[in-house]
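Okay, structure first, notes after.
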Amino acid sequence: MRRPHDLGGLPGGPVVPSEHDFALWEKRVDALLVLLGEKGLVRVDELRRNIEGLGEGAYERYGYYERWIEAVTATLLERGVLTADEIGRKLAELAAGQATA
Amino acid sequence: MSAARFRPGDPVRVRRSDPPGHIRTPSYIRGKPGVIERLCGRFGNPEELAYNRTGSVLPLYRVRFAQRTVWPDYRGGDGDSIDVEIFEHWLEPA
């Protein structure tokens, strides 16, 4: 069962070396993962598993930090740190805040 | 903690296996023969850590493979090699 990350030996096209600035939310995702790791709430191996287990095509479609935050969310749900309901309510609250802002 | 099964210079072969789960042994190296280059140390098994289980602490080896062996159409030099770090349970004597 070859997962999408297991690319060794497959045609990959040219490597395009380019720099880009990180958006604020990307830096926040990075910081969030560091903090969760320090608190023992996420292991890097769990994160990798959840990144590689993203749905069909998602590994290619998502950006780097989009994969990270999806995987962090999945891990926190598995661990029982957050519930889906808590996440859903918070997202709705944030969306409502943006709508009225 | 188990003693290391292999020593530098030992010929080994990567197991040809395709289990489900969180596997760190790359597909392209499975089934290939190589030689133990060094024992890197003992580390938690990522196949277990990925599911938040402590699991076993296993010897991890750096294994050297001839590029010609790994890639049938390799066009580089005969002496070219590639090193891959592989946990002990993926290796068998060759």
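Observations on the structure shown:
- Here residue A:89 does not fit the description of being basic (Lys, Arg) and closer than 30 Å to residue B:17 by Cα.
- When the range B:40-57 is filtered for residues that are surrounded by 16 or more Cβ atoms within 10 Å (Cβ to Cβ) and of a type in the set (A, V, I, L, M, F, W, C), the ones remaining, listed by number, are B:49, B:50.
- Single residue of B:30, B:68 found to be touching a strand residue (DSSP E or B) at 6+ places or on another chain (Cβ under 6 Å) and not small (Gly, Ala, Ser): B:30
- Any hit, the range A:18-25, residues being without any contact (Cβ under 8 Å) to a residue 40 or more places away in the chain, more than 14 Å from chain B (Cβ to nearest Cβ) and in a helix (DSSP H, G or I): yes
- Number of the condition not met by residue A:6 [criteria: (1) assigned to a loop (DSSP other than H, G, I, E, B); (2) away from every other protein chain (no Cβ under 14 Å); (3) acidic (Asp, Glu)]: (2)
- Among helices (runs of 4 or more DSSP H) entirely within the range A:26-100, having at least 2 residues that are closer than 21 Å to residue A:2 by Cβ singles out A:44-52, A:58-61, A:64-79.
- Only one entry of B:2, B:27, B:56 meets the criterion of being at pLDDT below 95, small (Gly, Ala, Ser) and under 20 Å from residue A:48 (Cβ atoms), and that entry is B:56.
The values are calculated or read from the model by the stated rules, or taken from the named source; none is laboratory data. This structure is a prediction, so every number in the text was calculated from the model and none was measured. For neighbour counting, all protein chains shown are included, and Cβ atoms are generated from backbone atoms with ideal geometry for every residue, glycine included.
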